[in-house]
Number of protein chains: 2
Amino acid sequence: MKYYSISEAAAKFDIPESTIRYYEKKGLLPLIERDAAGRRLFSEDSMTLLKVVIYLKNTHMPIKKIKQYVDWVVEGDHTTQLRLDMMKEHKKAVLAEISLMETSLHEIDLKIARYTNRIQAEKQKNNGKEEAR
Amino acid sequence: MKYYSISEAAAKFDIPESTIRYYEKKGLLPLIERDAAGRRLFSEDSMTLLKVVIYLKNTHMPIKKIKQYVDWVVEGDHTTQLRLDMMKEHKKAVLAEISLMETSLHEIDLKIARYTNRIQAEKQKNNGKEEAR
DNA sequence: ATACGACTTAAACCATGGTTTAAGTCAACA
DNA sequence: TGTTGACTTAAACCATGGTTTAAGTCGTAT
């Protein structure tokens, strides 16, 4: 099985190494192995967990909550129901946030339409001037 | 024309008064009138601008950029093109963010499915035990 | 007249999520 | 053997986006 260095892991997920170290310090990446010199070795499992952390972060789950989730993963199968409930709740929150963004985006679209019209009208006016010359 | 007090404005948009004061201090709410006692009076125009600020905030535009936008609004019609460009660019960023959230949400859905299956399987096992009694 | 509630300000405080720095260790290559 | 590059740590630092506090001013109802 392949192991990844921190620079490889950082490259693979396109995030800074410092962020990975920060996540580990916050308890989001438990069980990371080390080589004889103390350097991190990311197993496939560690990479998978990091990927999950990044998905949760992308959907704006706070770090403390991600930590709770990771703790449950480490605890094992008897926490499956807790994790399921958390993921379902999180999904709801994400859908609500997307919905809010889409509503707001609709208002922004109206602004774009109004500004576009205004600029068109301005162009017409200038054409008029030109033709009158 | 109706004027709104800060408490009315806060209630109308369901945000704390302190946030409105903070936005004003950051330059996001220029031209707010005051009564003889120095209290803020929000005109319809001010309320509309506040609404726009909230939409931009909902779509994660940073305060400094919202301030640039508001400055252009105050400057008048000759900034229409600048505002249009900004809104178009912002729309792109918002769509990208929504897209990232949706991709991540899909992974979360996979987790939900796996946890649901695991719990179903666990139930089956327990039923088996019961029937064997 | 006074007391209450709504408002004002400036400044301090806070949480979140990292990023940067400084000092050091180690492996490998010239 | 020494120097270079990749790594390590703890701690300091930073930006963002507010929230809270303290002290004071008004308008109004009793």
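The values are calculated or read from the model by the stated rules, or taken from the named source; none is laboratory data. All values derive from a computational prediction rather than experimental measurement. Here the Cβ is made from the backbone with ideal geometry for all residues, glycine too, and neighbour counts use every protein chain on show.
For this structure, a couple of remarks:
- Listed by first and then second residue, the pairs linking a residue in the range A:108-126 that is under 25 Å from B:Lys51 (Cβ atoms) to a residue that is of a type in the set (Ser, Thr, Tyr) and part of a helix (DSSP H, G or I), with Cβ atoms under 6 Å apart and 6 or more places separating them unless they lie on different chains, are A:Tyr115/B:Thr80; A:Arg118/B:Thr80; A:Ile119/B:Thr80.
- Single unsatisfied condition, A:Lys64 versus (1) basic (Lys, Arg); (2) without any contact (Cβ under 8 Å) to a residue 24 or more places away in the chain; (3) crowded, with 16+ Cβ neighbours inside 10 Å: (3)
- Selection from the range B:22-45 of residues that are away from DNA strand D (no atom under 13 Å from the Cβ) and either assigned to a loop (DSSP other than H, G, I, E, B) or surrounded by 13 or more Cβ atoms within 10 Å (Cβ to Cβ) (or both): B:Pro30, B:Leu31, B:Ile32, B:Phe42, B:Ser43
- Candidates A:Thr103, A:Thr19, A:Thr116, A:Thr48 - the one that is assigned to a helix (DSSP H, G or I), within 16 Å of DNA strand D (Cβ to nearest atom), among the β-branched types (Val, Ile, Thr) and closer than 25 Å to B:Glu97 by Cα: A:Thr19
- Contacts under 6 angstrom Cβ, first residue in the range B:9-35 being within 14 Å of another protein chain (Cβ to nearest Cβ) and modelled with pLDDT of 95 or more, partner part of a helix (DSSP H, G or I) and more than 7 Å from DNA strand D (Cβ to nearest atom), 6 or more apart: B:Phe13/B:Ile54
- Boolean, B:Met61 is at pLDDT 95 or above, within 17 Å of the chain's Cα centre (by Cα) and not in a helix (DSSP H, G or I): yes
- Test: residue in the range B:64-86 that is within 14 Å of DNA strand C (Cβ to nearest atom), away from chain A (no Cβ under 14 Å) and polar (S, T, N, Q): no
- Residue in the range B:92-99 that is out of contact with any Cys (no Cβ under 6 Å at 6 or more places or on another chain), more than 20 Å from A:Leu105 (Cβ to Cβ) and not in a loop (DSSP other than H, G, I, E, B) present: no
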